[in-house]
Amino acid sequence: MIKGETMREKVKNLWKLCFNDSDEFTDMYFRLRYSNDVNIAIQSGEEVIAALQMLPYPMTFGKNEIKTGYVSGACTHPDYRNRGAMRELLSQAFTRMLHNDMAVSTLIPAEPWLFGYYAGMGYAPVFRYSSTIFTASEVTTANEAVVLNKINDYQEEVYRYLDRKLRERPYCIQHTETDFRVILADLQLGKGCVYILKQGDKIPALAIVYPAGSTWQAGEVVAETPEMHSLLLQRICGQLNIPSIRVIAPAAAGQNPQVLGMARIINAKTVLQQYAAEHPEQEMSIALTDPQISANNGYYYLNNGKCMNSAKRLPGSHLALTIGELTEKILSSLHPYMSLMLN
């Protein structure tokens, strides 16, 4: 059994073999995000042939909060691919997530073809976002009492403001304080930063901004009012001397959203109980099958804000769903949001 720093180094070497990340990013990831506690690996002798990390993130779920596990760094040594190593690794990850009370697993596929692969493990494409172009010249907002500040290092008030605004979103992956520090380190590597507006001692708007190819992108924008939202983007364009900026935001009704990430229900009872409580008008009888997590198999009955489950079928018709179909049915209807900063 490989232990301690040896495991870290072996997983890091596998990462370098499988991904095209810079040495600076890889070093940052293994310094700030990686730990052996969140790592799962498959070994062949003394070599690590496949690995992934399960990063814990809270997620607002209506008026409550659930635990989620974000699958990061999933990779298999080229010599061992197409032998089922990643399927085994994901199955082990699901078992550990279930043990750690994580109700949902999330991930962002690194390549388009991986959407199909992960669908075979019960994941569904439920995280969507909209992409728009903000043009500074189209806005004439002016407010001399508000100033633009560029933030490179961790500041408590900045994180608290971002945390408060993200928690206003009812179905949203949240950033912990530790994660925000990692985001700042990642932004510095990518020549990005956090911009805020200050109005006296208050923060009325914040944006996470970074270069994306030949353009600049705001991967997260939160503000107290639409006017402050526009003013912040206008000031950022002026600061960067650019005419416009691409803005990523939760997909809204009527837009043509793009798929960002996938989710998989790990604990069906927990998710359906939360969903039933938030939507007491919903009545459903579900016959659920989950090839990877046998504890989810069975029958679920949603009625009057409660969920009952049973290993035996009760009278009446049932909607037969796989775990992936259930994930898509429940989470897609809630319009959950995952920040690009998770990637």
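The values are calculated or read from the model by the stated rules, or taken from the named source; none is laboratory data. As the structure is a computational prediction, the values presented were derived from the model and not from experiment. Cβ: placed from backbone, ideal geometry, glycine included. Neighbour counts: every protein chain shown. Only protein heavy atoms, including side chains, enter the accessible area calculation; ligands, DNA and RNA are left aside. Shrake-Rupley method; radii C 1.70, N 1.55, O 1.52, S 1.80 Å.
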### Query
Within region 198-214, how many residues are over 17 Å from Leu166 (Cβ atoms) and either open to solvent by less than 60 Å² (accessible area, probe 1.4 Å) or touching a residue at least 40 places away in the same chain (Cβ under 8 Å) (or both)?
6
### Summary
In the set Ala218, Ala185, the lone residue that is more than 12 Å from Lys150 (Cα to Cα), hydrophobic (A, V, I, L, M, F, W, C), in contact with a Lys or Arg (Cβ under 9 Å, 6 or more places away or on another chain) and open to solvent by less than 10 Å² (accessible area, probe 1.4 Å) is Ala218
### Task
Give the residues of region 309-336 that are modelled with pLDDT under 95, open to solvent by 80 Å² or more (accessible area, probe 1.4 Å) and either within 21 Å of Pro280 (Cα to Cα) or among the small types (Gly, Ala, Ser) (or both), sorted by residue number.
Ala311, Ser317, His335
### Search result, residues across region 108-141 that are more than 28 Å from Val71 (Cβ to Cβ), assigned to a loop (DSSP other than H, G, I, E, B) and either touching a residue at least 40 places away in the same chain (Cβ under 8 Å) or under 17 Å from the mean Cα position of the chain (by Cα) (or both)
Val139, Thr141
### Query
Considering region 12-25 alone, what residues qualify as being in a helix (DSSP H, G or I), surrounded by fewer than 17 Cβ atoms within 10 Å (Cβ to Cβ) and of a type outside the set (Lys, Arg)?
Asn13, Leu17, Asp23, Glu24, Phe25
### Message
Tally up the residues in region 148-161 that are part of a strand (DSSP E or B) and open to solvent by 70 Å² or more (accessible area, probe 1.4 Å), please.
### Response
1
## Note on the structure
Among the residues of region 275-290, the number that are touching a helix residue (DSSP H, G or I) at 6+ places or on another chain (Cβ under 8 Å), assigned to a strand (DSSP E or B) and open to solvent by less than 60 Å² (accessible area, probe 1.4 Å) is 2
